[in-house]
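*Asks:* I am attaching a structure below and will ask some questions about it afterwards.
The values are calculated or read from the model by the stated rules, or taken from the named source; none is laboratory data. All values derive from a computational prediction rather than experimental measurement. So basically every Cβ, Gly included, is an ideal-geometry build from the backbone, and we count neighbours across all protein chains shown. Keep in mind that these areas ignore ligands, DNA and RNA; they rest on the heavy atoms of the full protein, side chains included. Shrake-Rupley method; radii C 1.70, N 1.55, O 1.52, S 1.80 Å.
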Amino acid sequence: MSGSYVKIGKGTKGADYASPQVSLPRLKKMGMTYVCRYIDGTAHTNNPTWKTLTKRERALIAASGMACVLVFEVSADRPLKGAVQGAADGRAACQDAYWLGYDPHVPIVCAVDTDVTAGNIKAVEAYVRAFAKAAAPYPIGVYGDYDIIDRVKDVSQLNWQANAWGWSAIWWLGKILRRNHKDAHVLQQQQTATAAGLIDPAVTVREFVAWFPPKG
């Protein structure tokens, strides 16, 4: 493994984005201290997808002085496929993270980019738990709504709550009350077009650890 890990304190700001064209120096000037970047099982291959983190971008993040968290996502509906898919994706995430030199103290965030309801929560929970086992030795985090954070908080070390108040098994209550989970570490903000590019800003509400990548 290469690089190191750093503690991200309460009240600090970060950014989640898909496009590698986002300007890191501009993000830094905006006060961002960390970024969240994607892997999908192709980073370690000869044909990485357009949004996956590369070693070149890894070096740029390090040069910017910001830390990084990896999030695994192939498609929004992936977690609906349950435990078998979760195990396969956890292994793929581990391969990508290892190839990138991701520090084993830092969680790989498992994205649940969909509304978790009473009808699908068992499958989604099974996906995340299988992902967690297969991603070892890396710990995991989870990106998603209140309900999935609540169901897997025992295996998740980094809870990144989506800025989607309508997402909830009891969506109307979530929308009205805008419930923030007490175990959330990061709260995603509304997607914003900035001078740096299109980002989802984030605010830290509980301390967590992030990766400081190597400059080489």
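*Asks:* Report the local net charge at Ala76: Lys and Arg +1, Asp and Glu -1, summed over other residues whose C-beta lies under 11 Å from its C-beta.
*Replies:* On the way: positive: Arg78; negative: Glu73, Asp77, Asp113, Asp115.
Value of the local net charge: -3.
*Asks:* What whole-number value in Å² describes the accessible area per residue of the chain for a 1.4 Å probe?
*Replies:* Numbers: 9630 Å² over 216 residues.
Roughly 45 Å² per residue, with all protein chains present.
*Asks:* From the helices alone, meaning DSSP H stretches of at least four residues, give me the mean residue ellipticity at 222 nm for the chain, per-run term -39500 (n - 2.57), in deg cm²/dmol to the nearest 500.
*Replies:* -8500 deg cm²/dmol, from helical runs alone.
*Asks:* How large is log10 of I(q)/I(0) for region 7-47 at q = 0.18, 0.20, 0.23, 0.28 Å⁻¹ when the intensity is taken from the Debye formula with one equal scatterer per alpha-carbon?
*Replies:* Results for region 7-47 at q = 0.18, 0.20, 0.23, 0.28 Å⁻¹ read -0.62, -0.71, -0.83, -1.00.
*Asks:* Rounded to the nearest 20 Debye, what is the dipole magnitude of the chain about its Cα centre when Lys and Arg each give +1 and Asp and Glu each give -1 at the C-beta?
*Replies:* Details: 25 positive and 18 negative charges, 109 e Å.
That gives the chain a dipole magnitude of about 520 debye.
*Asks:* Here's a follow-up. Starting from region 96-165, pick out the trypsin sites (Lys or Arg not before Pro) whose DSSP state is loop and whose Cβ has at most 11 other Cβ atoms within 10 Å.
*Replies:* Working: sites: Lys122, Arg129, Lys133, Arg151, Lys153; in loops: Lys153.
Within region 96-165, no trypsin sites (Lys or Arg not before Pro) qualify (loop, at most 11 other Cβ atoms within 10 Å).
*Asks:* Restrict the search to region 22-126; then list the chymotrypsin sites (Phe, Trp or Tyr not before Pro) that DSSP places in a loop and that have at most 15 other Cβ atoms within 10 Å of their Cβ.
*Replies:* Filter output for region 22-126: Trp50.
*Asks:* Taking one equal scatterer on every alpha-carbon of the chain, how large is log10 of I(q)/I(0) by Debye at q = 0.09, 0.17 1/Å?
*Replies:* Here the Debye-derived log intensity ratios amount to -0.31, -1.18.
*Asks:* So how compact is region 2-107: Cα radius of gyration and Dmax in angstrom?
*Replies:* Every Cα atom of region 2-107 included, Rg and Dmax give 14.1, 43 Å.
*Asks:* Sequence-distant or interchain residues sharing an amide H contact under 5 Å with Tyr143, placed H: which?
*Replies:* Cys110, Ala111, Val112, Trp160
*Asks:* So for the chain, taking the charge dipole from beta-carbon charges (+1 Lys/Arg, -1 Asp/Glu), which of Ala202, Leu80, Thr33 sits furthest toward the positive end?
*Replies:* Checked the options; the winner is Thr33.
*Asks:* Next question. What number comes out for the charge environment of Ile8, summing +1 per Lys or Arg and -1 per Asp or Glu over other residues with Cβ under 11 Å away? Don't skip to the end; give the middle numbers.
*Replies:* Values: positive: Lys7, Lys10, Lys13, Arg206; negative: Glu207.
That sum, taken over residues with Cβ under 11 Å, equals +3.
*Asks:* What does the charge add up to near Gln21, with Lys and Arg as +1, Asp and Glu as -1, over the other residues with Cβ less than 14 Å from its Cβ? Each step should come with its number before you reach the end.
*Replies:* Numbers: positive: Arg26, Arg37, Lys51, Arg56; negative: Glu57.
Summing Lys/Arg as +1 and Asp/Glu as -1 gives +3.
*Asks:* Using +1 on the beta carbon of Lys and Arg, -1 on that of Asp and Glu, and nothing else charged, what's the dipole of region 103-154 about the Cα centre, debye to 20?
*Replies:* Result for region 103-154 is approximately 240 debye, rounded to the nearest 20.
*Asks:* Helix hunt in the chain: which complete DSSP H runs extend at least 15 Å axially by C-alpha with mean Kyte-Doolittle at least -1.0?
*Replies:* 83-100, 121-134
*Asks:* Report the residue, chosen from Ala195, Ala92, Ala130, that carries the largest GNM mean-square fluctuation when the chain is represented by alpha-carbon nodes joined by springs under 10 Å.
*Replies:* The residue with the greatest mean-square fluctuation here is Ala195.
*Asks:* So which lysines can Lys81 reach, going by Cα to Cα under 27 Å and dropping same-chain residues fewer than 8 places off?
*Replies:* Filter leaves Lys51, Lys122, Lys133, Lys153, Lys175.
*Asks:* Quick check on region 42-87: take the gyration tensor over C-alpha atoms, sort the square-rooted eigenvalues as a ≥ b ≥ c, and tell me if it's rounded (a/c under 1.5), prolate or oblate.
*Replies:* Since a/c reaches 1.5 and a/b is larger than b/c, the shape of region 42-87 is classed as prolate.
*Asks:* If the convex hull of the alpha-carbon atoms of region 75-138 is projected onto planes in all directions, what is the mean projected area in square nanometres?
*Replies:* If I average the Cα hull's projected area over directions, I get 4.0 nm².
*Asks:* Roll a 1.4 Å probe over the protein heavy atoms and report the accessible area of Lys55 in Å², nearest 10.
*Replies:* For Lys55, the solvent-accessible surface is approximately 80 Å².
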